[in-house]
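Trainee: Take this structure first; my questions come after.
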Amino acid sequence: MNSVKNSIEASSRETFVYKDCIVSRQLKGLINHMDVVEECRVEIQALGQQWDLLTILGMMSGENMDMSATREGFRRLTSELLDNLAREILNKTVQHIVAKAQVAVDIVIRNLFERTADIGFLATDDDIRECLNGNKQDKSALQARFREYVAKYSVYDNIMLLDAQGQVQVQMDDAHPVEYSRDPILRAAMQTKAAFVEAYRHTDLMPHRDKTLVYAYRVTASNRPDSEVLGVLCLCFRFENEMDGVFAELTGGSTREVILLTDHEGRVLASSDHYHIPPGAALPLIVDRRYGVCWFSGRPYLTKTCATRGYQGYMGLGWHGHVMVPLEQAFVDDEGSEKQVDSLVLLAVMNNPRLFSEALRRIPREASSIQQELDRTVWNGNIRHDGNRGGASGVLLWEIGRTGRRTQTVFENSIGRLHQTVVSASLYDASFVASLAINIMDRNLYERANDCRWWALTGRFRTLLGNGFITDEARDELNGILKYINDLYTVYSNLLLFDVKGVVVATSTASSRPWIGKPLDAGWVKDVLSLNRSEQYAVSDFDSSDLYGGRHTFIYGAAVVGNAGRTVGGIAIVFDSEPQFAAMLDDALPRDGDGMPVDGAVGLFVDASGLVIASAGGRYQVGQHLALPGYLCNPEPGRAYAGVYELDGVYYAAGARKGDGYREYKGPGDRYQYGISAIVLIPLGVVARDSQSLVNRVAAEKIAALRQSADGTKVSDIPLFATFFAGAHWLALPVEAVCEAVSINHVSRIPGVHAGVSGCTFYKAQSIPVIDLNYMTSGASSACDPLIMVVGMINATTRVGLMVDRLGPVIPGCRSGDGFEPVGAFQKRGMIKGVIHAVGAAESPMAVVLDLDAVFNSVGGAQLAGVLAEHIAALS
């Protein structure tokens, strides 16, 4: 007794009653904001009163039609349906905001990782050292060089060089001059053992700003560890400008949710909507829970916080991505209302356990089972009352059937709306992650285009290549500089310098030293050497290269212009494309509940011709050409594609987005416009093989609805037909040839009979043969559970069972002649009498009327009685 009590108490703690329905406690305060769930509840509640009335009328009719079990079955399913609908809607919404919160912080961290390398590289520049050494270099020249850097790297709004006492020597920004700084970041930069220092706060380096994100590092007399500290270099990042771009990408113009970046204490650093939740606001962080409901300014929000996953070990300043959606708008189905999805796709989705829990997938099966029994009761009642179609019993049967179908329709529509929502949400996810992937790529390659041009400005490169002859000492120096850069920028497999003839003079790695002294004859080398301005760069085709071990990659290059203004050589940077692109796609792929990429998901970078630049999911190889439709490999610029794509018998939610570039990269003023698209395919489900049966079933239910909605139609003199389905075929028998339909759980096999005979079963104490109509029409046995058997009358004493897949409506039918398509083996053997259409539905599909005697005889009917007798005798 105590165990039962404890179980009940535990159940009550895990559930609560929502408007007469028992649902999970986690939904408290949320379910009332889900319009789809509430609409479903209201519809079913309205039908509940009608079921109560029909139960009473059934018991009073003398037909012994007790509907209480049916009513209770639907009542029980109502709670399960509402609970599962609400939990699935919550799960999808939470996944949506988690993805945006994670991206909001991670994409910024990726960007800032590049800044940590920039400060390490630029702080070792010889021109900067000479300026701090007291040489009478024209500071305006160094200021011009800073501006030249920022012309390529527009992520910075100021570059400042200070001496060891805090005096500003050079700054790029003339509009807000600063002479001296006491900011603690200077001392930290001079003393740190790390490769940089960073801070986001108010600083006297940029006094006109409330806060500035600064990267700083000491400038020393040489690269020796014990070298004298000459001063500090500071890079001031355009934080607000960068966050505006990030938020614009993530919100897509929507104002429903607010996307935020917070510090480790929950203080807002940046907001996608300053008027809604302003910077500086203090918010609770929801990091260790799937989601939370938090209040801000008297309003509840569905909230999620994500800490950064970091990038190549860099974790930043402990910032978090944070998304808040007003609770009353959190479950509004923006995506689901935009795109209607084919019913066959929805059928496949319904059977995908990744998208729907077993509990939810069980609900339509249970509802269908209840409806099947109800249909059988009404079907049998209509056959029994063929002579009294307009009497009280006929009206009651009609009303019971109509109410049952309305109830089932509410369940099916509610599940169907959820399927539609999930598919549309999957389409949104696919297009979102495709957009994210190509945005990450554009941002990454923006850095590559800038790196080669930045490094081409290195003073020692210009001087030593300008000498026209590289000594062994000079070569060692150049190798050392390249190695230092490559150690800072680990996304490259190799860096090379070459002279005006394309001959390699220095490399960054020991393994590539054999290239020194060899000429490079690729087309991109000529492109590099033809450049004459520092803002120009060249890129190789995406092709296999000996510089990358015969693998495919991009090589970025820029001309090194000597002090006299002429080109003296070039720099080539070999992008380590395989792991870098793979990581971009892997980071973008949708995740399951365990944080792993969704099984079967595919991510691709391709060009307009279908050339695979990178692949995630293990399905395709880099360098492979795919025959993809244009809307995937070359979608419309500026817009993400989302749609259902069928591939190898599987439906996928497909998303594609062509790169728009980032800042100056591939912008209007950039000559380089090589188009790359990201494609993401998320599996929805296996293509339904027996799709025609679904089409015919839906058509038959529409016919039943026509029959029920006929007002005053005189059908008493028109023959009545009992219809049913076998595979994809709609079949019929005159009602006078049918006893009833029954459910059976087992058929006893009989050896040595026709293949169309499934076996035998007992019906009213008589053993009767069972013919599988599905096998007769298609060669495949019925897979229904439980089995549905229509009992037909051959004569006054002989009965035969017909195994069918589903009962259709009992309809008054008009014969339509003999213009019908053959149905399996039936037409070949003359087992069809003709076709009919329902009265009042001349445009409906035709039902094929079987000749029961001919069907029976085709499987050896005359001999079956003796075979059955022998079989039963053997069993006894």
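Trainee: Give or take rounding to whole Å, what are the principal axis extents of the alpha carbon atoms in segment 448-576, in descending order?
Mentor: Sorted from largest, the Cα extents of segment 448-576 read 37, 28, 26 Å.
Trainee: Pairing the Cα long axis of helix 35-60 with the longest principal axis of the chain, what angle in degrees results, from 0 to 90 and rounded to the nearest 10?
Mentor: 10 degrees
Trainee: Right, here's the next one. Which residues does the label zone of TYR180 cover in segment 195-223, counting backbone N under 20 Å from a point 7 Å along Cα→Cβ?
Mentor: Under cut-off, by backbone N: 203-208.
Trainee: Another question about this same structure. Determine ³J(HN,Hα), in whole Hz, for all residues of segment 602-610 in sequence, where each value follows from phi through the Karplus function 6.51 cos²θ - 1.76 cosθ + 1.60 and θ = phi - 60°; x replaces Gly and Pro.
Mentor: Using θ = phi - 60°, the values come out as 10, x, 9, 10, 9, 8, 5, 8, x Hz.
Trainee: I've got another one for you. Between GLN673 and TYR484, what length in nm is gained on full extension when 0.36 nm per residue of separation is reduced by their alpha carbon distance?
Mentor: 64.9 nm
Trainee: Calculate the FRET efficiency for ALA608 and ILE718 from the Cβ-Cβ distance with a Förster distance of 51 Å, rounded to the nearest 0.05.
Mentor: So the FRET efficiency works out to roughly 0.25.
Trainee: Out of residues 5 or more away from LEU647 or on other chains, whose amide H comes under 5 Å of its own, with H placed 1.01 Å from N in the peptide plane?
Mentor: Long-range HN contacts for LEU647: TYR652.
Trainee: Next question. Give me the percent relative contact order of the chain, please, defined on Cα pairs under 8 angstrom at least 6 residues apart.
Mentor: Once divided by the residue count of the chain, the mean separation gives 9 percent.
Trainee: Ok, one more. Order of 543-552, 574-583 by packing, highest average Cβ count within 10 Å first?
Mentor: Highest to lowest by the protection proxy: 574-583, 543-552.
Trainee: Spelling out what I want: for every residue of segment 465-482, take phi, set θ = phi - 60°, compute 6.51 cos²θ - 1.76 cosθ + 1.60 (Karplus), and round to whole Hz; glycine and proline get x.
Mentor: Values per residue, Gly and Pro as x: 5, x, 5, x, 9, 9, 6, 4, 5, 5, 5, 4, 5, 5, 4, x, 5, 4 Hz.
Trainee: Arranged by the count of other C-beta atoms within 10 angstrom, fewest first, what order do THR70, THR723 take?
Mentor: Ascending Cβ contact count within 10 Å gives the list THR70, THR723.
Trainee: Here is a follow-up. Would you report the distance distribution of C-alpha pairs in segment 393-457 as whole percents per 5 angstrom bin, up to the bin with the largest distance?
Mentor: P(r) for segment 393-457, in whole percents per bin: 4, 14, 9, 9, 8, 8, 7, 7, 6, 5, 5, 4, 4, 3, 2, 2, 1, 1, 0, 0.
Trainee: Using a 7 Å offset from the Cα along the Cα-to-Cβ direction at both GLU72 and ASN413, what is the distance between the two label points in nm, to one decimal?
Mentor: 2.8 nm
Trainee: Something else about it: Please give the length that would be gained between SER297 and ALA627 if that part of the chain were fully extended, namely 0.36 nm times their separation in residues minus their C-alpha to C-alpha distance (nm, one decimal).
Mentor: Full-extension gain reported as 113.4 nm.
Trainee: Between PHE469 and MET596, take the C-beta separation as r, use R0 = 56 Å, and let me know the FRET efficiency to the nearest 0.05.
Mentor: Efficiency for this residue pair is about 0.50.
Trainee: Rule-of-thumb check for segment 246-332: C-alpha Rg over 2.2 N^0.38 Å?
Mentor: After normalising by residue count via 2.2 N^0.38 Å, the value is 1.06.
Trainee: Provide, as a two-decimal number, the C-alpha radius of gyration of segment 580-686 over 2.2 N^0.38 Å, N being how many residues it has.
Mentor: Computed over Cα atoms of segment 580-686, the ratio equals 1.08.
Trainee: Dipole magnitude of the chain about its Cα centre, charges +1 at Lys/Arg Cβ and -1 at Asp/Glu Cβ only, in debye to the nearest 20?
Mentor: Value, rounded to 20: 700 debye.
Trainee: Mind sorting THR509, THR471 by how few other Cβ atoms lie within 10 Å of their own Cβ, fewest first?
Mentor: Ordered from fewest to most neighbouring Cβ atoms within 10 Å, THR509, THR471 come out as THR471, THR509.
Trainee: As I understand it, the value is the acute angle between the Cα axis of helix 861-875 and the longest principal axis of the Cα atoms of the chain; what does it come to in degrees, rounded to 10?
Mentor: That works out to roughly 80 degrees.
Trainee: Same structure again: Quick one: Karplus J couplings for segment 263-280, per residue in order, coefficients 6.51, -1.76, 1.60, θ = phi - 60°, nearest Hz, x for Gly and Pro?
Mentor: 7, 5, 9, x, 7, 6, 9, 8, 9, 6, 9, 5, 6, 7, 10, x, x, x
Trainee: Expected output is a single nm value to one decimal: the length gained when fully extending between ARG551 and ARG460, i.e. 0.36 nm times separation in residues minus the C-alpha distance. What is it?
Mentor: Stretched fully, the ARG551-ARG460 segment lengthens by 29.6 nm.
Trainee: Extending each Cα 7 Å along its Cβ direction at VAL42 and GLN329, get the distance between those two points in nm, one decimal.
Mentor: Placing both labels 7 Å along Cα→Cβ, they lie 2.2 nm apart.
Here, each number is a calculation from the coordinates, and none is a lab measurement. Computed from a prediction, not measured in an experiment: that's the story for all the values here. Cβ atoms come from the backbone with ideal geometry, glycine included; neighbour counts cover every protein chain shown.
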